[in-house]
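The values are calculated or read from the model by the stated rules, or taken from the named source; none is laboratory data. The shown structure was predicted, so the numbers you read here are calculated from the model rather than taken from an experiment. Don't worry about glycine lacking a Cβ; one is built from the backbone with ideal geometry, like all the others, and counts go over all protein chains shown. Side chains are part of the model used for accessible areas, which takes the heavy atoms of the whole protein and leaves out ligands, DNA and RNA. Shrake-Rupley method; radii C 1.70, N 1.55, O 1.52, S 1.80 Å.
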Amino acid sequence: MSTQIILSQADSRPIYAQIMDEISRRVALGDWAPGYRLPSIRELAAELKVSVITVKRAYLELERAGVIVTRQGRGSFVSESMDVDDVRQEELERAMEQAVRLGEAMGLGHDDLAALLEQYTRNDRR
Amino acid sequence: MNAIHCENVTKRYPHFDLKDVDLTLPEGSVMGFVGPNGAGKSTTLRIIMGLVHQDAGRVTVLGHDMPAGQVAAKWNIGFVSEDMRLYGHRTIGFHLDFLRRIYPGWDDGYAAELLSRFELNPDQKVKGLSHGQRVKAALLTVFARKPKLLVFDEPTTGLDPVARKVILEEMMRVMEAEDRSILFSSHNTLDVEQISDHITFINQGSIVASDDKETFLDSWRRLRLVVGDRYRLPDMSGLIEVQRSGHQIVLTLAGYSDALQEKLTASGAAINEVQRLTLEEIFIASVESSRQPPHAAAAGSAPSMEGAAA
């Protein structure tokens, strides 16, 4: 089974954080439903060609964030008790943050960004 | 259990000394061994293989003391180095047939799979192979034996990116088993950063740093500070480099923590940016700072600073 997770060397985020985001996104989109069994750490390491320790760290931090649970000897699963809306909220906040940072780099002020947001939400409502 | 354990290993040559090398590779993990040319990487690997005998210190590989236990240990070790030669006038297939008869763990199906993944033709003679094909053929003869420990000296040097990817892929496939381990040396810090669980830096015959990769990459940072006219940096450990120009200071640190960030803010510096470093940048900074006395490394900065290397 392949996860189709793609990592980028040009991304400034560390690899473990990229893996966390990729998994969180699948959970947020509902593609990996609560109870879904994740590949084992060693399987995912082999698939992504990254060190076991890096995948282990991503799983540990996802566990801490409540996105996945690991049952000794049985593997890791998308948490049943997790609120998908929470994960979506985080995903949204991450996207907003990125948009704001990009805007700042372009010299856009608060009003410019607000106007853009207004424009996009209006387009969506159409 | 450890796949490899070296303690205070020393070897003296007329023009080079390997000094007090300590190195531990836990079973089920990959260690990347990084160092400049002539740093002692190959010597260390040869001592681990029992090919060179240490003058002092203890080496244990898969539970066998080296060099005394090398015959027993070698059934379960696959070693590939640049000077390993296959017979030029024989085909790749000849080598595979030969090794199949020697090694009980030889996996014919896997060897066939590797031939196709590595795009090698078993009927081709070794002397007609390109450098990349030759390296892939040598690695194939070791992978197909399925040994518990793989020791590769510069496996990806001189290979194109596609061949490198195929080899890293195969190394990571080995790691699906929890009881197999890999030690490999490389100049390619990108390869090392990608697949290693542990990283060891060696320079001028001494281990400069050895740690698990996540801890290692996490502890190094570059900080950009903006400071006032009479600003003095507070004392801190793990300071590798200080570059000051006007009201800006760029610090390279090996012991980064949130507490340190608070300390700098309390000292009156504004922290403009905190950047992570790539393994390549960390490697270069460690080697350069281990070559210079601490104060020279921190030239241009306040005299109270300690320039501890990692």
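So which helices (runs of 4 or more DSSP H) are wholly in segment A:1-103 and hold at least 2 residues that are more than 14 Å from every other protein chain (Cβ to nearest Cβ)? Talk me through it step by step, then tell me what you get.
Numbers: elements: A:15-28, A:41-48, A:52-64.
By residue number, A:15-28, A:52-64.
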Discussion item. Take residue B:204 and tell me if it is polar (S, T, N, Q) and surrounded by 14 or more Cβ atoms within 10 Å (Cβ to Cβ).
Written reply: yes
Worksheet item: Taking segment A:27-60 as the search range and keeping residues that are open to solvent by less than 40 Å² (accessible area, probe 1.4 Å) and of a type in the set (Val, Ile, Thr), which one is nearest to the chain's Cα centre (by Cα)?
Response: A:27
Worksheet entry | Members of segment B:158-192 that are assigned to a helix (DSSP H, G or I), open to solvent by 50 Å² or more (accessible area, probe 1.4 Å) and within 10 Å of chain A (Cβ to nearest Cβ) | B:165, B:173, B:190
Practice prompt. Could you check how many residues of segment B:9-42 are part of a loop (DSSP other than H, G, I, E, B) and of a type in the set (D, E, K, R)?
Written response: 1
Discussion item. Residue pairs, Cβ under 7 Å, 6 or more apart or interchain, first in segment B:169-189 and among the acidic types (Asp, Glu), second open to solvent by less than 10 Å² (accessible area, probe 1.4 Å) and modelled with pLDDT of 95 or more. List them.
Written reply: B:170/B:143; B:178/B:28; B:179/B:28
Fill in: segment B:48-73, residues that are open to solvent by 60 Å² or more (accessible area, probe 1.4 Å) and assigned to a helix (DSSP H, G or I)
B:71
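Take the conditions open to solvent by less than 10 Å² (accessible area, probe 1.4 Å), outside any loop (DSSP other than H, G, I, E, B), under 23 Å from residue B:195 (Cβ atoms) and within 14 Å of chain A (Cβ to nearest Cβ) and apply them to residue B:45. Does it pass? Steps first, answer last, please.
On the way: open to solvent by less than 10 Å² (accessible area, probe 1.4 Å): yes; outside any loop (DSSP other than H, G, I, E, B): yes; under 23 Å from residue B:195 (Cβ atoms): yes; within 14 Å of chain A (Cβ to nearest Cβ): no.
Spelling it out, it is not the case that residue B:45 is open to solvent by less than 10 Å² (accessible area, probe 1.4 Å), outside any loop (DSSP other than H, G, I, E, B), under 23 Å from residue B:195 (Cβ atoms) and within 14 Å of chain A (Cβ to nearest Cβ).
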Worksheet, complete the sentence: When (1) within 21 Å of the chain's Cα centre (by Cα); (2) open to solvent by 60 Å² or more (accessible area, probe 1.4 Å); (3) under 20 Å from residue B:3 (Cβ atoms) are applied to residue B:199, the one that fails is (2)
Practice prompt. Keeping to segment A:61-103, report how many residues are closer than 18 Å to residue A:17 by Cα, aliphatic (A, V, I, L, M) and surrounded by 15 or more Cβ atoms within 10 Å (Cβ to Cβ).
Written response: 7
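Kindly indicate whether residue B:199 is in contact with a Lys or Arg (Cβ under 9 Å, 6 or more places away or on another chain) and of a type in the set (Val, Ile, Thr).
Numbers: in contact with a Lys or Arg (Cβ under 9 Å, 6 or more places away or on another chain): yes; of a type in the set (Val, Ile, Thr): yes.
It is true that residue B:199 is in contact with a Lys or Arg (Cβ under 9 Å, 6 or more places away or on another chain) and of a type in the set (Val, Ile, Thr).
Hey, among B:80, B:21, B:9, which residue is in contact (Cβ under 8 Å) with a residue 40 or more places away in the chain, surrounded by 18 or more Cβ atoms within 10 Å (Cβ to Cβ), closer than 24 Å to residue B:166 by Cβ and within 20 Å of the chain's Cα centre (by Cα)?
Working: B:21 fails: closer than 24 Å to residue B:166 by Cβ; B:9 fails: closer than 24 Å to residue B:166 by Cβ.
Going through B:80, B:21, B:9 in turn, the sole match is B:80.
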Worksheet item: Are any of the residues in segment B:90-101 more than 22 Å from residue B:167 (Cα to Cα) and not in a helix (DSSP H, G or I)?
Response: yes
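Of B:38, B:105, B:88, B:109, which residue is out of contact with any Ser or Thr (no Cβ under 6 Å at 6 or more places or on another chain), without any contact (Cβ under 8 Å) to a residue 12 or more places away in the chain, open to solvent by 10 Å² or more (accessible area, probe 1.4 Å) and not basic (Lys, Arg)?
Numbers: B:38 fails: without any contact (Cβ under 8 Å) to a residue 12 or more places away in the chain; B:105 fails: without any contact (Cβ under 8 Å) to a residue 12 or more places away in the chain; B:88 fails: without any contact (Cβ under 8 Å) to a residue 12 or more places away in the chain.
Answer to the selection: B:109.
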Worksheet item: Consider residue B:228 against the criteria (1) of a type outside the set (Phe, Trp, Tyr); (2) more than 14 Å from every other protein chain (Cβ to nearest Cβ); (3) closer than 30 Å to residue B:259 by Cβ; (4) outside any loop (DSSP other than H, G, I, E, B): it satisfies all of them except one. Which criterion is unmet?
Response: (4)
Worksheet item: In segment B:209-224, how many residues are more than 9 Å from chain A (Cβ to nearest Cβ) and in contact with a Lys or Arg (Cβ under 9 Å, 6 or more places away or on another chain)?
Response: 3
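Among the residues that make up segment B:132-152, is at least one of them in a loop (DSSP other than H, G, I, E, B), closer than 29 Å to residue B:47 by Cβ and among the small types (Gly, Ala, Ser)? Give the derivation first.
As a first pass, look at segment B:132-152 and keep what is in a loop (DSSP other than H, G, I, E, B): B:144-148.
In the following step, the residues that additionally are closer than 29 Å to residue B:47 by Cβ were identified as B:144-148.
Retained after the next criterion (residues that are among the small types (Gly, Ala, Ser)): B:144.
Yes, the conditions are met somewhere in segment B:132-152.
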